[in-house]
Amino acid sequence: MPSQSFARAALPLAVLMVLSAGSRADSGSGVDMEFGNALLTRTGGANETPDARGMSWLRPGQRRSPGGHLYSCPLEPPTLQEISGWDVDARVQLGWIGTYGDDDNALWNRYVRWDSGLVLGLLELALRRPADGSYASVRASHLSSDDAFFEAAFGRAGSYAVQAFLRELPNATSDSAISIWNGVGSNELTLLPSLAPGASSSGQVAATAAGVAPQRLQVVRSKTGLGFDAYLTPRWTAYAKLSNEQRSGARPFGGAFFYNFLFPENAGALETLRPVEDSTLNFNGGLRFIGARWRMDFAYDGSFYRDAYRRFRFESPFALTPTRPGATSATIYQGQFALEPDNDYHNVRSSFTRRLPWNGELSVSAAAGRMSQDDGLIAPIDCSGTFGVDIDGSGVPSTTNRFLHNCSDWNTTASLSRDSADLRIDTYSLDSRVTLQPSSRLNLRGGVRFNREDYRNTYLAYNPLTGDYGYITENGAQASIQAGALGTWNPLTSPSVITRVRSLPLDRETHAADIGADWRLAERRTLGLSLTTQRNEPTHRERRRVVEDSAKLSFVDRSLDWLTLRASYTRLDQHGDRYVSNPYGSAYSTSLPGFVAPGGGVPAFTVDAMRKYDLADRREHKLDLMATVAPADDMTLSAGLRGDWNDYGALIGRQAYDRTGFHLQWEWQPSPLTHASVHYGADRARLRMANVADVVFGPDGSLGGPDYPLNARWWAYDKQRNRTAGATLDHRFGPVRVDAGWNLVDARGLTSYRFDSPVALAYFEDGLGGARSGSFPLMRYRVDSLTLGLSFALSPRFSLRVFDYYERGRVDDWHYLGLDTNRVIDHRVYSDGGPRGYTTNLIGVLLDVRL
Amino acid sequence: MTRHTATLAGTWGRRLALLALLALPSVHAQQTREDLARQLPASDLSGAQAQRSARQFLAAPGFALARVADNPLAATATPVGEKVCIACHQLESEHFTHTVHALGLHAAAKADPAIPVCETCHGPGSAHAQDPAGKGLILGFTRSSATPLAQQTRTCLTCHEGGARDHWAGSIHQRNDLSCSDCHNPMATFSGEGLLAKRSINDTCAQCHNDVRMEFGRRSHMPLAEGQMSCVDCHNPHGSLTAPLLKTATVNETCYQCHAEKRGPFLFEHAPVRQNCLTCHTPHGSNQHALLVAPVPFLCQQCHSQLGHPNDLLTPQSLANGAHPDERLIGRACLTCHAQIHGSNAPSGPKFHE
């Protein structure tokens, strides 16, 4: 129970805080930089009063940052109480919130868990002892047992700091999950009693699903952390952070019992509901030295992931039928997944920086790391008795009944080449960079970088019990439908089977270098040029070498009082050595001695013309314009324009990916009592790709050849368009503060396609109407939200906040069309009905008390 | 009340009474800056006040080396001490007093009178006091200041050098002429931590990167809009070795900070997954499920044209309400069967089925 764990963790943390001493968030490493929740960000949070006197008596109005943005008005200084030499400032916001409408909707509950009832909006306690600079603080909020945080810190300014925190972070993963299984949330899904494993019809499964009430699924992250940093001397500091995060919940997943689309009324595709039960312990610590000439940093990061389960099991309800007339399929129904293995991560790094003449610096950073896991392996199949196809009706595997197999040959780890994973990746990196300022008008910089990832050990899929290489496909379903399609290679019994027999180590090495200069054309005008080259050398990929060369021109102008302009243009060329369509041969049975090519030859792995976009030739043009304008002393107008055009030049694969957009934001601060803003943004993305269907399983991978004929080509074009808009107003009328906000997110996506002939289609008949193009229904996501809040200063110590937050969401995703009425389609089961629209209203009454 | 506290209270009482007179707005309204400058009290750099206070501690190490900042535009200026500054800048002082900087500097100045307060950041104040309107005579950190940006950041780095700021020089923000005070405003407490210019890290970054903030409103997104995460969980705005200002050596290591289960290594790996999470995901927000860059199965079909089932064009007729539903298109599409797409630790998982 999260609330109990929250309470359990709070006590030892509180004790630790009392005993030890402080840490603050460090933007250089780790996460958990800031704690908050939707109440604080969406509904205005606690009552904060700007100081009506402004920032300064010497000048009217607000100051601007060097970049041209208006600074906020400071809040009223707190009224401190002195207690035993400590200045104390404390406030608490308590109250009630209520949600109405579709408040169980997953999108509405994304990363938030609203529970109607009493809430702790915010507790803030700050203690300071001016005499020696000591301080302590507590900050907490509790919306529900799954959505809360507590952070506390104490220390002495410039000496040490200790920080501790607890956090509950919810994530709704479905609000419409219909489970035909018992045990959701565990690693064992068993079919509801009305269904017989491996012997139920589609109708029976549909009837069962129709009688199940939808449920909401979520995953909650519960995290506890403790850290400190301390000055050992004015030059040396030490720091350490330790955290433990537990995830608990369930989410939609998968489950394969072979292709239902190829074998109607047969096989099975099951959207199961998998558990998420794991924990991660993270540690980060180090020492830093900062001297007049040298800086040094020595650090260690450790991360240790532990999953509560090694395996996830589920039952399939459907009976399997062999394609071979007169035969029967063994009754198999048990599916399995290996859940994520426990893994360990270590990384040590150091960096040395030395001041150089010409106001320069030279830094060298080196790091070495290791990712490893040695989880016990699960067996290749989870069945008992037999699996496969029984051709003589005896139910007993034999030389004549050769397509029926004993589960005992495959259902234990004795059937593996080893019983644990024993895998490791070692990483190394070295980075060196230099900056120089030979004159006040010129900055020079350059750097080189080296990264390497070494895979240690590989896995060989070999069964010493049978002498077979390879694996059992799709929980044994394929072998139980297609006689002989076991998925294994044997030099004696199946020497021509092509199957995967090895893991694929993905070692890689990266070399990069960059050089650049910035010229100060005038006091507040800079022109910059950066040239970068990067060479990636992956192994077991389609290219052994991929090179990225880029040039970036940038310009910054702050010379006008009312304008800051930043502009940049980047051109990038990615290219490489010869593209090999099948670099995976060593991982397949074709590489084993004794392999005999099948009669028609070894089928082509893929079409030769395919260019995977992470390795393909690519030319990119990128433009960014950013302007900050001060149209009046109390206003700021920010505008941005950007474009990113990528041309992949591939016949098959991704061909283009272009993104363009702009945004405008206007802010108005006419007085400390008033703040208003309006923003609007629009962007679009265009992705073009091509593919080609195969018509025969042949050895010719050429585009236009017999396997991949030109008339089987097809193209897809995905267009995304987003608009966002919003406005806020915050004003005080004496003791009353009014705040209002409106936000709009409107996204549309259209995926269209065209093809040369019906041969390109999964279903030939779809192309018989004559049309050679079409599109999917519009994908839409639109959220409108409105906030209205009133805060009343009842007395110097008490204020009352009343707010209403209305949100309406609309979502259309064609992937889920039709699932609202039927979750069982032939031998397919869909547990999740997809995202749904909602209309919700959140109201709150919060009392703010300065203690 | 101890003798020490009583002494302090007396000192502060006298000081406040004096400053209250100086700072009355009605008086200000009738005075020019030059008038104010002429009324400034004499500097007190003797340390007499600190010596009068009972010494109970040493200056905290973090402030022990604090000195009056250099201001090349006022090379002959000399320090005047905090109370001289407050004579005019009382309101600023009221706000500043509640910051961590003030807490540390005041405590340090008590322990070591050579440690300045205002002048640690703003440089020696005498020239400014004599000519308050003189450009550049005091180190300023605002738009209208004559202090060059490089001098501004150099001043901050005098104390804040190294650590998270180790790679500030040459970083994209430095090259784009950002000053520390574009994101930070140490003159008052606006944020819970970090003396930011806005209420939160995300609000601060959105001053310039509002387009990125908008992405967090999309259907699938990182939980920034809900306040559960900040930009600085992934990025180090002060400079890093990894573009774009990532806190770790690679994109994937950044993702593994919260998604450690994806780290593996797995028995069977998916090459582009190990190469870069961003091959398939967009980091901030997406209109697709799970931050995907394109709808499945088209996302997968950009790379997969193997013989068999991956390369067929599926039409809307293969949706659940179509003429011939197909699991390659419905719901999670490819991922219904290839569920362990990030890597499988099952001996029967080369195609991520198990």
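Starting from residues that are in a loop (DSSP other than H, G, I, E, B) and touching a residue at least 60 places away in the same chain (Cβ under 8 Å), keep the ones in region A:403-428 and report whichever is farthest from the other protein chains (Cβ to nearest Cβ). It would help to see each step written out before you state the result.
To start, the set of residues in region A:403-428 that are in a loop (DSSP other than H, G, I, E, B) comprises A:403, A:410-412, A:416-419, A:421-422.
This time we only want the ones that are touching a residue at least 60 places away in the same chain (Cβ under 8 Å), so: A:403, A:410, A:421.
Values: A:Phe403: 18, A:Trp410: 9, A:Ala421: 6 Å.
Top of the filtered list is A:Phe403.
With the requirement that a residue be without any contact (Cβ under 8 Å) to a residue 12 or more places away in the chain and either in a loop (DSSP other than H, G, I, E, B) or within 11 Å of chain B (Cβ to nearest Cβ) (or both), what does region A:730-769 give you? Step through it out loud before you land on a result.
Going residue by residue through region A:730-769, those that are without any contact (Cβ under 8 Å) to a residue 12 or more places away in the chain are A:733-734, A:758, A:763-766, A:768-769.
If the condition is that a residue be without any contact (Cβ under 8 Å) to a residue 12 or more places away in the chain and either in a loop (DSSP other than H, G, I, E, B) or within 11 Å of chain B (Cβ to nearest Cβ) (or both), then A:Gly734, A:Pro758, A:Tyr763, A:Phe764, A:Glu765, A:Asp766, A:Leu768, A:Gly769 are the ones that fit.
Can you tell me which of (1) within 14 Å of chain B (Cβ to nearest Cβ); (2) under 30 Å from A:Phe318 (Cβ atoms); (3) of a type in the set (Ser, Thr, Tyr) is the one A:Thr493 doesn't meet?
For A:Thr493, the exception is condition (1).
I need the full set of residues from region A:128-148 which are away from chain B (no Cβ under 11 Å) and surrounded by fewer than 23 Cβ atoms within 10 Å (Cβ to Cβ), in order please.
A:Ala136, A:Val138, A:Ala140, A:His142, A:Ser144, A:Ser145
Each row is one residue, and each column tells you yes or no for (1) modelled with pLDDT of 95 or more; (2) in contact with a Leu (Cβ under 9 Å, 6 or more places away or on another chain); (3) not polar (S, T, N, Q).
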position	(1), (2), (3)
A:Leu320	yes, no, yes
A:Gln334	yes, no, no
A:Phe337	yes, no, yes
A:Tyr345	yes, no, yes
A:Glu361	yes, yes, yes
A:Arg370	yes, no, yes
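Given the options B:Pro132, B:Pro113, name the one that is more than 10 Å from chain A (Cβ to nearest Cβ), in a loop (DSSP other than H, G, I, E, B) and in contact (Cβ under 8 Å) with a residue 40 or more places away in the chain.
Only one candidate passes the filter, namely B:Pro113.
Residues to consider are A:Val829, A:Val802; find the one that is aliphatic (A, V, I, L, M) and surrounded by 17 or more Cβ atoms within 10 Å (Cβ to Cβ).
A:Val829
Here are some conditions: (1) under 24 Å from A:Asp832 (Cα atoms); (2) within 10 Å of chain B (Cβ to nearest Cβ). A:Tyr305 meets all but one. Which one does it not meet?
All conditions pass for A:Tyr305, except number (1).
Exactly one condition in (1) farther than 30 Å from B:Ser145 by Cβ; (2) among the basic types (Lys, Arg); (3) surrounded by fewer than 23 Cβ atoms within 10 Å (Cβ to Cβ) is not met by B:Arg274; state its number.
Among (1) farther than 30 Å from B:Ser145 by Cβ; (2) among the basic types (Lys, Arg); (3) surrounded by fewer than 23 Cβ atoms within 10 Å (Cβ to Cβ), the lone unmet condition for B:Arg274 is (3).
Where residues in region B:260-309 are more than 9 Å from chain A (Cβ to nearest Cβ) and assigned to a loop (DSSP other than H, G, I, E, B), which of them is farthest from the chain's Cα centre (by Cα)?
So the residue we want is B:Pro297.
Name the residue that is farthest from A:Leu191 (Cα to Cα), counting only residues in region A:832-848 that are hydrophobic (A, V, I, L, M, F, W, C) and crowded, with 21+ Cβ neighbours inside 10 Å.
A:Leu846
Results for (1) in contact with a His (Cβ under 7 Å, 6 or more places away or on another chain); (2) farther than 30 Å from B:Ala271 by Cβ; (3) surrounded by fewer than 21 Cβ atoms within 10 Å (Cβ to Cβ); (4) of a type in the set (A, V, I, L, M, F, W, C), shown as yes or no for each residue.
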{"residue": "A:Gly385", "(1), (2), (3), (4)": "no, yes, yes, no"}
{"residue": "A:Ser394", "(1), (2), (3), (4)": "no, yes, yes, no"}
{"residue": "A:Phe403", "(1), (2), (3), (4)": "no, yes, no, yes"}
{"residue": "A:Cys407", "(1), (2), (3), (4)": "no, yes, no, yes"}
{"residue": "A:Ser420", "(1), (2), (3), (4)": "no, no, yes, no"}
{"residue": "A:Asp454", "(1), (2), (3), (4)": "no, no, yes, no"}
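I want to confirm something. Restricting to region A:480-492 and keeping residues that are in contact (Cβ under 8 Å) with a residue 60 or more places away in the chain and either in contact with an Asp or Glu (Cβ under 8 Å, 6 or more places away or on another chain) or of a type in the set (S, T, N, Q) (or both), which single residue is surrounded by the most Cβ atoms within 10 Å (Cβ to Cβ)?
The selected residue is A:Ser480.
Taking B:Ala271 as the residue in question, decide whether it is among the hydrophobic types (A, V, I, L, M, F, W, C), under 20 Å from A:Ser568 (Cβ atoms) and free of Cβ contacts under 8 Å to residues at least 12 places away in the same chain. Spell out how you get there, then give the answer.
Working: among the hydrophobic types (A, V, I, L, M, F, W, C): yes; under 20 Å from A:Ser568 (Cβ atoms): no; free of Cβ contacts under 8 Å to residues at least 12 places away in the same chain: yes.
Criteria not met by B:Ala271.
Considering only residues that are part of a loop (DSSP other than H, G, I, E, B), out of contact with any Pro (no Cβ under 6 Å at 6 or more places or on another chain) and in contact (Cβ under 8 Å) with a residue 60 or more places away in the chain, look in region A:162-220 and name the one that is nearest to A:Asp102 (Cα to Cα).
Let us first name the residues in region A:162-220 that are part of a loop (DSSP other than H, G, I, E, B), namely A:178-180, A:183, A:185, A:187, A:192-199, A:201, A:211-214.
Now drop any that are not out of contact with any Pro (no Cβ under 6 Å at 6 or more places or on another chain), which leaves A:179-180, A:183, A:192-194, A:196-199, A:201, A:211-214.
Narrowing further to those that are in contact (Cβ under 8 Å) with a residue 60 or more places away in the chain: A:179-180, A:196-199, A:201, A:214.
Numbers: A:Ser179: 21, A:Ile180: 24, A:Ala196: 35, A:Pro197: 36, A:Gly198: 37, A:Ala199: 38, A:Ser201: 35, A:Pro214: 14 Å.
This residue is A:Pro214.
Regarding region A:6-22, can at least one residue be identified that is modelled with pLDDT of 85 or more, crowded, with 19+ Cβ neighbours inside 10 Å, out of contact with any Gly (no Cβ under 9 Å at 6 or more places or on another chain) and over 30 Å from A:Phe792 (Cα atoms)? It would help to see each step written out before you state the result.
First pass over region A:6-22, keeping only residues modelled with pLDDT of 85 or more: none.
There is no residue in region A:6-22 that is modelled with pLDDT of 85 or more, crowded, with 19+ Cβ neighbours inside 10 Å, out of contact with any Gly (no Cβ under 9 Å at 6 or more places or on another chain) and over 30 Å from A:Phe792 (Cα atoms).
Would a scan of region B:242-263 turn up a residue that is buried (at least 23 other Cβ atoms within 10 Å of the Cβ) and in contact (Cβ under 8 Å) with a residue 40 or more places away in the chain?
No, region B:242-263 contains no residue that is buried (at least 23 other Cβ atoms within 10 Å of the Cβ) and in contact (Cβ under 8 Å) with a residue 40 or more places away in the chain.
Could you list, in sequence order, all residues of region B:152-195 that are assigned to a loop (DSSP other than H, G, I, E, B) and without any contact (Cβ under 8 Å) to a residue 40 or more places away in the chain?
Those that are assigned to a loop (DSSP other than H, G, I, E, B) and without any contact (Cβ under 8 Å) to a residue 40 or more places away in the chain: B:Glu161, B:Gly162, B:Asn176, B:Asp177, B:Leu178, B:Ser179, B:Asn185, B:Phe190, B:Ser191, B:Gly192, B:Glu193, B:Gly194.
Only residues that are more than 7 Å from chain B (Cβ to nearest Cβ) and at pLDDT below 90: list them for region A:37-50, please.
Answer for region A:37-50, where residues must be more than 7 Å from chain B (Cβ to nearest Cβ) and at pLDDT below 90: A:Arg42, A:Thr43, A:Gly44, A:Gly45, A:Ala46, A:Asn47, A:Glu48, A:Thr49, A:Pro50.
Give me a count of the residues in region B:168-186 that are at the interface with another protein chain (Cβ under 7 Å from one of its Cβ atoms) and either under 28 Å from A:Trp236 (Cα atoms) or over 10 Å from the mean Cα position of the chain (by Cα) (or both).
Result for region B:168-186: 9.
For A:Gly516, all conditions in the list (1) at pLDDT below 95; (2) assigned to a strand (DSSP E or B); (3) among the small types (Gly, Ala, Ser) hold save one; what is the number of the exception?
Result: A:Gly516 passes all but (1).
Taking region A:796-823, which residues are at the interface with chain B (Cβ under 10 Å from one of its Cβ atoms) and either touching a strand residue (DSSP E or B) at 6+ places or on another chain (Cβ under 9 Å) or at pLDDT 95 or above (or both)? Spell out how you get there, then give the answer.
Kept after step one, since they are at the interface with chain B (Cβ under 10 Å from one of its Cβ atoms), are these residues of region A:796-823: A:809, A:811, A:813-823.
Residues satisfying the conditions are A:Gly809, A:Val811, A:Asp813, A:Trp814, A:His815, A:Tyr816, A:Leu817, A:Gly818, A:Leu819, A:Asp820, A:Arg823.
Among the numbered conditions (1) within 30 Å of A:Thr435 (Cα to Cα); (2) surrounded by fewer than 24 Cβ atoms within 10 Å (Cβ to Cβ); (3) at the interface with chain A (Cβ under 7 Å from one of its Cβ atoms), tell me where B:Ala150 comes up short.
(3)
For region A:626-683, name all the residues that are buried (at least 16 other Cβ atoms within 10 Å of the Cβ) and among the β-branched types (Val, Ile, Thr).
Result: A:Thr628, A:Val629, A:Thr636, A:Ile652, A:Val678.
Can you spot a residue in region A:224-233 that is small (Gly, Ala, Ser), buried (at least 20 other Cβ atoms within 10 Å of the Cβ) and either at pLDDT below 95 or in a loop (DSSP other than H, G, I, E, B) (or both)?
no
The values are calculated or read from the model by the stated rules, or taken from the named source; none is laboratory data. Owing to the predicted nature of the structure, the values given are computational and were not obtained by experimental measurement. All Cβ positions, glycine included, derive from the backbone under ideal geometry; neighbour counts span all protein chains shown.
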